[in-house]
Amino acid sequence: MPTVTRLQSTRATNGIAKPQLKDPREQKARKLAYFGRTMVQVCVGEDDRQEKFAVHDTPLRSHSKFFANAMNGSWKESDERIIKLPDDSPETFELYIHYIYTGKLAIVAGEGVVDDDRGTRQFVAQLKALAYLYVFVEKILDSACKNDVVDAMVACVRDNSKIPPLFVVEIIYNGTAGPCSARKFLVDVCARWSNAKYFKDRRERFPVDFTFDVITKMLEYRKAGPHLPKSAPDFVNGAQYYDTDGSKDAA
């Protein structure tokens, strides 16, 4: 083993603290090589709205059953290294790419962004992005991301004390095939906190399934009497809505 000479104390002799040393080191396990060395091209959207993304195939495979199947050798996409998603939004896929590389949902506005007096603009923008992302990740079978999206929805509603707007309900109910965690969350929020004003003059726009689900949940609460049933959500986090096909650590 090479001889190691210890440095003398770096403490300032005049009593003035020296600037903190910036240390760029980190754990070996976090090397970008984890993402693999092969790329796949994902074409999202169509015509003049199409965008092409070059993405490492390892995180795509590990997060999404859809992408894993597309690159398993039996699909032509595996040979061509090109996957086409003409019906999806480049903006939503861009958000998903950020998630599979960082584990974070980049939807919070930066400092200096001006919102309205009640903070409604950013609340609406965040829920809109989350709703479209949820529909996308349900399509590509990424349970871990779905759970994180629901967590973000819960945090957004809890922090702003607002009910999700109608168009968020439309995105989720029109974009999902049946019962799912996002639908359950929206129903719980509306059954517990909405009022007649929320539904008035817009009843034709509400998805029929949503209206039925909310009425059913309201009747469940009424049956429990003056106190909410033990099964009523506390909205501390989204754990009660997690996809049973996978956990937040699935990926």
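We did not get these values from a lab; they are worked out from the coordinates using the rules stated. Only a predicted model underlies this, so the values are computations on that prediction, with no experimental measurement involved. Using ideal geometry, Cβ is built from the backbone for each residue, glycine included, and neighbour counts are taken over all protein chains shown.
Numbers at a glance
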quantity: Residue-by-residue Karplus 3J(HN,Hα) for segment 45-60, coefficients 6.51, -1.76, 1.60, Hz, glycine and proline x; calculated: x, 8, 6, 6, 9, 6, 10, 10, 10, 9, 10, 5, 6, 4, x, 5
quantity: Under-5 Å amide H pairs with K84, H placed in peptide plane, nonlocal only; calculated: C43
quantity: For segment 120-127, Karplus couplings with θ = phi - 60° (6.51, -1.76, 1.60), whole Hz, Gly/Pro x; calculated: 6, 4, 6, 4, 5, 4, 5, 5
quantity: Footprinting exposure proxy for L133, L186 (fewest neighbouring C-beta atoms within 10 Å first); calculated: L186, L133
quantity: Residue exposure sequence - C180, C145 - by fewest surrounding Cβ within 10 Å; calculated: C180, C145
quantity: Estimated FRET transfer efficiency (D47, A68; beta-carbon r; R0 35 Å; 0.05); calculated: 0.80
quantity: Which of Y134, Y241 has the fewest Cβ neighbours within 10 Å, and the rest in rising order; calculated: Y241, Y134
quantity: Phi-based couplings in Hz for segment 131-143 (Karplus 6.51, -1.76, 1.60; Gly and Pro marked x); calculated: 5, 5, 5, 4, 4, 5, 6, 5, 5, 8, 6, 10, 5
quantity: Trypsin sites (Lys or Arg not before Pro) restricted to segment 120-219 and DSSP loop, no more than 12 other C-beta within 10 Å; calculated: K200, R202, R203, R205
